[in-house]
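The values are calculated or read from the model by the stated rules, or taken from the named source; none is laboratory data. Computed from a predicted structure; not experimentally measured. Here the Cβ positions follow ideal geometry from the backbone for every residue, glycine too, while neighbour counts run over all protein chains shown. Remember, those area values only see protein heavy atoms, side chains included, never the ligands or the DNA or RNA. Shrake-Rupley method; radii C 1.70, N 1.55, O 1.52, S 1.80 Å.
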Amino acid sequence: MAHAHSVKRYRGLMDWITTVDHKKIAILYLVAGGFFFGIGGIEAILIRIQLMKPMNNFVSAQVFNELITMHGTTMIFLGVMPLIFAIMNAVVPLQIGARDVAFPFLNALGFWTFLFGGLLLNLSWVMGGAPDAGWTSYTPLSGSEYSGTHGVDFYTIGLQIAGLGTLIGGINFLATIITMRAPGMSYMRMPMFTWTTFITSAIILFAFPAITVGLVLLTFDRILGANFFDVAGGGNPVLWQHIFWIFGHPEVYILILPAFGIISEVIPTFSRKRLFGYSSMVFATILIAFLGFMVWAHHMFTTGLGNVANALFSISTMLIAVPTGIKIFNWLFTMWGGQIRFTAANLFAVGFVPTFVMGGVTGVMLASAPADFQFHDTYFVVAHFHYVIVGGLVLGLFSGLHYWWPKMFGRILSETLGKWTFWTFMIGFQLTFFVQHFLGLMGMQRRIVTYLPNQDFDLLNLVSSVGAFLMGVGVIMFLVNIVITMRKPAGAPNDPWEDGRTLEWSIPSPPPEYNFKQTPLVRGIDAYWKEKMAGHTEMTPAEPVGSIHMPSATPLPFVMSVGIFIAGLGLMFSKDEFGNAFMNVIFNNYIVVIIGLVITFGAMALRSLYDDHGWHIEPEDQDEKGART
Amino acid sequence: MTTSHAEPVNDKLPHEPEKATLEGRNKLIAFWLFLGGETVLFGTLFATFLALRGQTNDGPTANELFHLPLVAAATFILLVSSLTSVFAIQAMHKGKRDALALWLGITVVLGIGFLALEIYEFYEYVKHKEFGMTTSAFSSAFYTLVGFHGAHVAFGIVWIGIIIGQLFKKGLTVVTAPKVYVSAMYWHFIDVVWVFIFTVVYLLGKVG
Ligand code: HEM
Ligand SMILES: [Cu+2]
């Protein structure tokens, strides 16, 4: 064509730093999320070593507080959320028949801000102490008076930066799903995983700004001497809890809804049946999201809200069990009478159902306000949320990764090793957390560094720790599986499970850079399955073959995030006394902050001055398989 | 044509140039969504302010501090700037680039005027009323809420300024039109937020 823009192709590391391709960004999220998941896992093991026996002094009380804080924070914000984003990025554009997300540049920016926020947070380990006030950072514990190191500053500023990335990602997915669906894909024909991504993104949009404000207020209290949460200055510590949980409870649905979506894809595929009650699944998802915003104070029953408030929040919380129950039954009815194949992916999906139900049941127990006065801040709560987050979300992630791995990399993970992973992880999980229900009921508090012997805590804690090791073994098996698989050639067919139902299975594995040579025409729910049933092997195209427009790779998102990272560090140390005059000058006068902001805004200005015209892939170059191996 | 000034009109531009391309429509939708998030952000700040506005910690109270004529003037300026940004969009829909740039320019100048009054107000409080960030929970909440809004105004000024530059460099096209449109939406949004601040912070502070 006449206007062949000469495109700059980066290679090696620069390729990854500059990419705006959703499939590569998915891999970046996978690697980074996996890395932080590993760190969070090591922290968990250290916690369990400390609690393995009574009166242990494996770590000091201070380090223990840092470990539990960083474990929770890392796992939720830097481990599982990015892994969810990895799967969403890899799958959603393919499921809706799009060539990319609505804003590829922002997609890259979202990833890099998450990564640099996470790195900042973890730098705390080597720069004078990690956050130590729990992942909920309750005030006044997280105020300067009780938390005197820079730990909580790393928490507020690191999470702020990472949260920015999440928000950007959420808006991007919403816009993508609203505007970029293939012709014929109405909302009620969208695959369930796309639906849950859509709703999850909406929750992100309405929940994250609340924590943004909370983190700003806490930063102001700690760095500028503001009085939001300081009683002596007229502030109110319970205000923090309200702000935190009005974000925090929806956050747990940000975590679990994508897992619901994954399960709703995997179970029908491996049952050779369409998802039972598709529309009720959609409405249940929406209802859960809505109710999720109404129940935050069930985390605060013991702060003395009063009986009326407690009763209302208690009832609204229990209501969530109704749409959740609908989902559970729909999965069971999908399997009912199906030709079930227990692949590794499906084992994780089927294992998800009962464990998640158990987490839900303990949730309803906790939602009963009078009972919660007994359960609150004990290991019963720890058991509850690990049943839903690990037994729910992490099993869902494993299922999704086994399921979509061939699509992402063109290689099927070893089924044998996958099944071993499942059994080790599952048994380890039950050993670790089942007994914690009883520890909690017997009165063991959460967040304690040790306990006295002969209170009936000894044996159960040992069991729990052994289980944790076993889960670690399961994760290592998964890593081994990845390494072995990646050494094999990438020969997976388009539809490796042979019963793929949704659009992603209609294109090569891994997909070419432009995903769909021709935008497909969607004629029903489970669009690809429908075509297969009609005797076709491919989707009917909705457009002729033509030149495909692609966005250009750019290092600017990376540079912008580096700028934000520098500004964050500068702000954090702006009040410090350094031994060195130069350091004092550049930090105490906000010079570091300004340098960081100049980098970020400079990159933004570059972006706005030079429009990205992108480049084209011409029809004669469109038959190569996946661009990367 | 009976237009008094001889501005060339770009009549190749579609009627609603901001919605002419997929990129443009994506931008508009994403921006509506973004404003949804901003609403939660300001909602949380308002909730915090309402919770803490009585907590003056022996420092100055709202009633002692606020000088309504000044705030009313600032409000008036900001409301007018919303109007001028509407004129800007009308000029855009007629394909008149210069008129568009002019109205945007006036909007920016009014924004700067508003910001100047706010800075003066803060300066007065800190300098003469001993009312700073650390004085009380009320002061912290006041400066954070009003300051966040002020920072949004400042950002808008820079942003719209850059867009005016782009209009001269690249002209009024289907690429620049969505940017103009979105920045005008943003400007209306911060205007609406200010109306709430005027009511909840200042009026309520004087009477309640
Ligand atoms: C039927 C569903 C559920 C109900 C009724 C429920 C109820 C509750 C209640 C009442 C608490 C507060 C306990 C206390 O601190 O005293 C709690 C804690 C928690 N729940 Fe749930 N929950 C449900 C599902 C979930 C799901 C799906 C997730 C995550 C994916 C989750 C994650 C958590 C977490 C992380 C905590 C602990 C927060 C902390 O204190 O650190 N819950 N749940
Ligand atoms: Cu909750």
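Take every pair of alpha-carbon atoms less than 8 Å apart whose residues are at least six positions apart; their mean separation over the length of segment A:283-441 yields a relative contact order of 27 percent.
Put a plus charge on the Cβ of each Lys and Arg, a minus charge on the Cβ of each Asp and Glu, and nothing anywhere else: the dipole of segment A:480-629 about its Cα centre is then about 460 debye.
Using a 1.4 Å probe over protein heavy atoms, the accessible area lost on pairing A with B, summed over both chains, comes to approximately 2600 Å².
Sorting A:LEU141, B:LEU167, A:LEU470, B:LEU115 by solvent-accessible area of protein heavy atoms yields A:LEU141, A:LEU470, B:LEU115, B:LEU167, largest first, with a 1.4 Å probe. A Förster distance of 51 Å, applied to the separation of the beta-carbon atoms of A:LEU606 and A:MET533, puts the FRET efficiency at 0.50.
In debye, nearest 20: dipole of chain B around its Cα centre with unit charges on the Cβ of K, R (+) and D, E (-)?
Once rounded to the nearest 20, the dipole reads 580 debye.
From Cα pairs below 8 angstrom and at least 6 apart in sequence, can you work out the relative contact order of segment A:211-364, rounded to a whole percent?
With pairs under 8 Å counted, the relative contact order is 25 percent.
Dividing the mean sequence gap of close Cα pairs (under 8 Å, 6+ apart) by how many residues chain A holds gives a relative contact order of 17 percent. Using a cut-off of under 17 Å, list every residue of segment A:440-472 whose amide N is near the label point 7 Å from the Cα of A:ALA61 along the Cα-to-beta-carbon line. Residues A:445-453 fall inside that zone.
Using heavy-atom solvent-accessible surface (probe 1.4 Å) with all chains present, what is the largest-first order of A:LEU441, A:LEU46?
If we order A:LEU441, A:LEU46 from most to least accessible, we get A:LEU441, A:LEU46.
The separation of segment A:130-144 from segment A:53-119, counted between C-alpha centres, amounts to 20 Å. For A:THR378, the residues whose amide H sits under 5 Å from its own are A:ARG446, ignoring neighbours fewer than 5 places away on the same chain, with H placed 1.01 Å from N.
Could you calculate the FRET efficiency of A:PHE469 with B:LEU203 from 1/(1 + (r/R0)^6), where r is the beta carbon distance between them and R0 is 60 Å, rounded to 0.05? That pair, A:PHE469 with B:LEU203, gives E of 0.45. Averaging the Cα positions of each part gives two centres, and for segment A:386-462 and segment A:476-555 these lie 32 Å apart. Annotation: peptides A:123-132, A:475-484, ranked by per-residue average of other Cβ atoms within 10 Å with the highest first, follow the order A:123-132, A:475-484. Which entries of B:LYS96/B:LYS179; A:LYS327/A:LYS407; A:LYS24/A:LYS407; B:LYS12/B:LYS170; B:LYS12/B:LYS179 have Cα-Cα distances beyond 23 Å here? Those over the limit are A:LYS327/A:LYS407.
Considering only A:LEU83, A:THR139, A:GLY97, and ranking their Cα positions along the charge dipole of segment A:1-159 that arises from unit charges at the beta-carbon of Lys, Arg, Asp and Glu, the one farthest toward the positive end is A:GLY97. Solvent-accessible area of the protein assembly as shown (1.4 angstrom probe, protein heavy atoms only): carbon and sulfur portion equals 69 percent. In the protein assembly as shown, the calculated helix contribution to ellipticity at 222 nm averages -22000 deg cm²/dmol per residue, counting -39,500 (n - 2.57) for every DSSP H run with n ≥ 4.
Dipole magnitude for segment A:488-559: about 40 debye, using +1 per Lys or Arg Cβ and -1 per Asp or Glu Cβ, origin at the Cα centre. The candidates A:ARG181, A:ARG9, A:ARG189, A:ARG411, arranged from most to least accessible area with a 1.4 Å probe in the full protein assembly, appear as A:ARG9, A:ARG189, A:ARG181, A:ARG411. Distance between the C-alpha centres of segment A:557-618 and segment B:155-200: 24 Å, rounded to the whole angstrom. The residue list B:ALA101, B:TRP187, B:PHE122 was ranked by how far each Cα lies along the charge dipole of segment B:101-208 toward its positive end, using unit charges on Cβ atoms, and B:ALA101 comes out on top. Ranking A:SER368, A:THR149, A:MET604 by Cα position along the charge dipole of chain A, where only Lys, Arg, Asp and Glu carry charges on their C-beta atoms, puts A:SER368 farthest toward the positive end.
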